[in-house]
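*Asks:* Pasting a structure here, questions to come.
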Amino acid sequence: MAENGLSLQEREAVKARAKELRAQEKAGKDREAGVAAVREAIGKLGDSDRATAEGLYRIVTAVAPHLMPKTYYGMPAFANEAGKPVVFLRPADKFGERYATIGFEDRATFDDGEMWPVAYAVPVWTAALEARLTDIIRAATS
């Protein structure tokens, strides 16, 4: 841990976020720029994280094409019309964790009762997981 309280990975994520905010400001709401940024982020991932990111990309573009691909702290994400992330991938390798996480920000629309999950651990991508996550993302973005 550094003097400022952030780990090396956290400092790198903050730097990545500042860089992507500058790039997004320059690009505006350009879908092509967003797709390129997300594809580049996915390309940098390890095999397991890449499979999860590719699966997430496939699902979101199929069931929520209105969401804009973008990066979020250097991670693949998809944002609403205001540019705010709705769903994102937190890669395992980036933070030295044992599984990737697919997370949802408070803009997701699956409020259900007094509490609901906002993140899912994904140790390995499977067809069954893709089917289940498709339903979750459809509910979160409708």
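The values are calculated or read from the model by the stated rules, or taken from the named source; none is laboratory data. All of these numbers come straight from a predicted model, not from anything done at the bench. Ideal geometry is used to build each Cβ from the backbone, glycine not excepted, and the neighbour counts take in all protein chains shown.
*Asks:* Cβ contacts < 7 Å: first residue more than 15 Å from ALA41 (Cα to Cα) and free of Cβ contacts under 8 Å to residues at least 12 places away in the same chain, restricted to the range 57-69; second residue surrounded by fewer than 18 Cβ atoms within 10 Å (Cβ to Cβ) and not charged (D, E, K, R), any location; separation 6+ or different chain. Result?
*Replies:* Cβ pairs passing all conditions: none.
Residues are listed down the side, and each one gets a yes or a no for (1) within 20 Å of GLU10 (Cα to Cα); (2) surrounded by fewer than 19 Cβ atoms within 10 Å (Cβ to Cβ):
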| site | (1), (2) |
| --- | --- |
| GLY74 | yes, no |
| VAL87 | yes, no |
| ALA92 | yes, no |
| PHE104 | yes, no |
| ASP112 | no, yes |
| TRP116 | no, yes |
| ALA119 | yes, yes |
| ARG138 | no, yes |
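*Asks:* Hey, among the residues in the range 92-122 that are closer than 24 Å to VAL35 by Cβ and basic (Lys, Arg), which one's modelled with the highest pLDDT?
*Replies:* That would be ARG107.
*Asks:* Additional query: I'd like to verify a number: residues in the range 103-132 that are in contact with a helix residue (DSSP H, G or I) (Cβ under 6 Å, 6 or more places away or on another chain) and within 14 Å of GLU54 (Cα to Cα), how many?
*Replies:* Number of matching residues: 3.
*Asks:* Could I ask something else about it? Could you tell me which numbered condition TYR57 fails, if it satisfies all but one of (1) outside any helix (DSSP H, G or I); (2) within 22 Å of ALA128 (Cβ to Cβ)?
*Replies:* Of the numbered conditions (1) outside any helix (DSSP H, G or I); (2) within 22 Å of ALA128 (Cβ to Cβ), the odd one out for TYR57 is (1).
*Asks:* It is to be established whether one or more residues within the range 61-76 are of a type outside the set (Asp, Glu), touching a Ser or Thr at 6+ places or on another chain (Cβ under 7 Å) and assigned to a helix (DSSP H, G or I).
*Replies:* Looking for residues that are of a type outside the set (Asp, Glu), touching a Ser or Thr at 6+ places or on another chain (Cβ under 7 Å) and assigned to a helix (DSSP H, G or I), one finds at least one in the range 61-76, hence yes.
*Asks:* Separate question: Looking at the range 100-120, is at least one residue closer than 14 Å to LEU45 by Cα, without any contact (Cβ under 8 Å) to a residue 60 or more places away in the chain and touching a strand residue (DSSP E or B) at 6+ places or on another chain (Cβ under 8 Å)?
*Replies:* yes
*Asks:* Across the range 89-142, what is the total count of residues that are assigned to a loop (DSSP other than H, G, I, E, B) and on the phi < 0 side of the Ramachandran plot?
*Replies:* Result for the range 89-142: 22.
Table: residues versus (1) under 12 Å from the mean Cα position of the chain (by Cα); (2) farther than 30 Å from ARG22 by Cβ.
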residue	(1), (2)
LEU67	yes, no
ASP93	no, no
ASP135	no, yes
ARG138	no, yes
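*Asks:* I want to confirm something. Restricting to the range 27-40 and keeping residues that are surrounded by 17 or more Cβ atoms within 10 Å (Cβ to Cβ) and touching a residue at least 24 places away in the same chain (Cβ under 8 Å), which single residue is farthest from ASP135 (Cα to Cα)?
*Replies:* Here the residue is ALA37.
*Asks:* Further, regarding this structure: Name the single residue, out of those in the range 41-53 being assigned to a helix (DSSP H, G or I) and in contact (Cβ under 8 Å) with a residue 24 or more places away in the chain, that is surrounded by the most Cβ atoms within 10 Å (Cβ to Cβ).
*Replies:* Here the residue is THR52.
*Asks:* Which number in (1) closer than 24 Å to THR134 by Cα; (2) modelled with pLDDT under 90 marks the one condition that LEU89 misses?
*Replies:* (2) is the only condition that LEU89 fails.
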